[in-house]
1. Could you check which residue among 154, 203, 175 shows the biggest mean-square fluctuation in a GNM of the chain with a 10 Å Cα cutoff?
2. Suppose the Debye formula is applied to equal point scatterers at every Cα of segment 64-184; what is log10 I(q)/I(0) at q = 0.19, 0.20 Å⁻¹?
3. Among 203, 217, 182, flag the residue with its Cα farthest along the positive direction of the charge dipole of segment 116-232, charges on Cβ as +1 for Lys/Arg and -1 for Asp/Glu.
4. Can you tell me the FRET efficiency between residue 162 and residue 192 if r is taken as the Cβ-Cβ distance and R0 is 22 Å, rounded to the nearest 0.05?
5. Across 5 Å bins from the origin, how do the percents of Cα pairs in the chain run, short distances first?
6. Which ordering of 170, 29 is given by a fewest-first count of other beta-carbon atoms within 10 Å?
7. Averaging sequence separations of C-alpha pairs under 8 Å and six or more residues apart, then dividing by the length of segment 92-166, give the relative contact order as a whole percent.
8. Would you work out the Kirkwood radius for segment 116-232? I mean one over the mean of 1/r across all pairs of different Cα atoms, in Å.
Amino acid sequence: MSSVKKLQMFHLGLIGRDLSHSFSKKYFDEKFEKENIHEFDYNLFEIDKISDIQRTIKNYSLTGFNVTIPYKEEIIPYCTYLSAEAEAIGAVNCVFTGNGRMIGHNTDCYGFLNSLPDDLFRLNFQAIVFGTGGASKAIQYVLKKLNVKMILVSTSRKIGTIGYDQLSKDIIHQSKLLVNCTPLGTSPNIDSVVPIDFSAISSDHLCYDLVYNPGETLFIKKAKLQGARCINGLRMLELQAEAAWNFWIEKINIDSNKV
């Protein structure tokens, strides 16, 4: 009787909290089925604290994983190496594990940059970024690369930011790109929104919400009522997921060639 060679499996996943509404598992499950990829699977791993990461990697033999709220910054001390993007941004959303090391990378910046409309690059504009967490850092990185002047708005009163109470109608009116990097509006808390004066928004504005669930957040609804062009976070997520996939495949191939 002829023997059947067992397929080598590579296990991928998403690390974070409150992952029941996650985009990633559905995306990769559909990708694997559509592209006839049988040697990979993708699962969700909720951990209570970042120190659980090494145990999770070992228990589930993870080859790579995405990182989401609240661990994009907390994961960094556990990484053996950081890519140039992750180091510059100060946040990691994608990790490859192999040969006893963890390589941290950031694909959020790629997703955001490549989801922006082409005509935006022809404008000289100012941006307002709401929130200063891990996702926000990737957006700030892209805007700096594009030489866009930014105003950072946060409840944390960090150095270099202003509070929502300092965000005047005139500042909003003058800033043609507004980016929500906070989780406000995410399902099931769909009635929450950044506390700004939406009447200062016009058809000259592009309002970008990194939230993708629901597809039309209260932030987007209010901005649309003012005539603004709006983008939700779905396309950015798709692009960053493909960039993460390419990163994992590249690293797997490099390691395979070393054997």
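Quick note: the coordinates plus some simple rules give every number you see, no bench work behind them. Every value quoted in this text rests on a predicted model; they were computed, and no experiment measured them. As a convention, Cβ positions derive from the backbone with ideal geometry for all residues, glycine included, and neighbour counts pool all protein chains shown.
1. Maximum fluctuation in the GNM of the chain, among the listed residues, is at 203.
2. Debye curve over Cα of segment 64-184, log10 I(q)/I(0) at q = 0.19, 0.20 Å⁻¹: -1.03, -1.10.
3. Comparing the listed Cα positions along the dipole, 182 ranks first.
4. On the way: r = 20 Å, r/R0 = 0.92.
Efficiency, from the Cβ-Cβ distance: 0.60.
5. 1, 6, 12, 17, 18, 15, 12, 8, 5, 3, 1, 1, 0, 0, 0, 0
6. Numbers: 170 10, 29 13.
Least to most surrounded, the residues fall as 170, 29.
7. Values: 84 pairs, mean separation 17.2, N = 75.
Once normalised by length, the contact order is 23 percent.
8. Details: mean 1/r = 0.0706 Å⁻¹.
Evaluated over segment 116-232, this radius sits at 14.2 Å.
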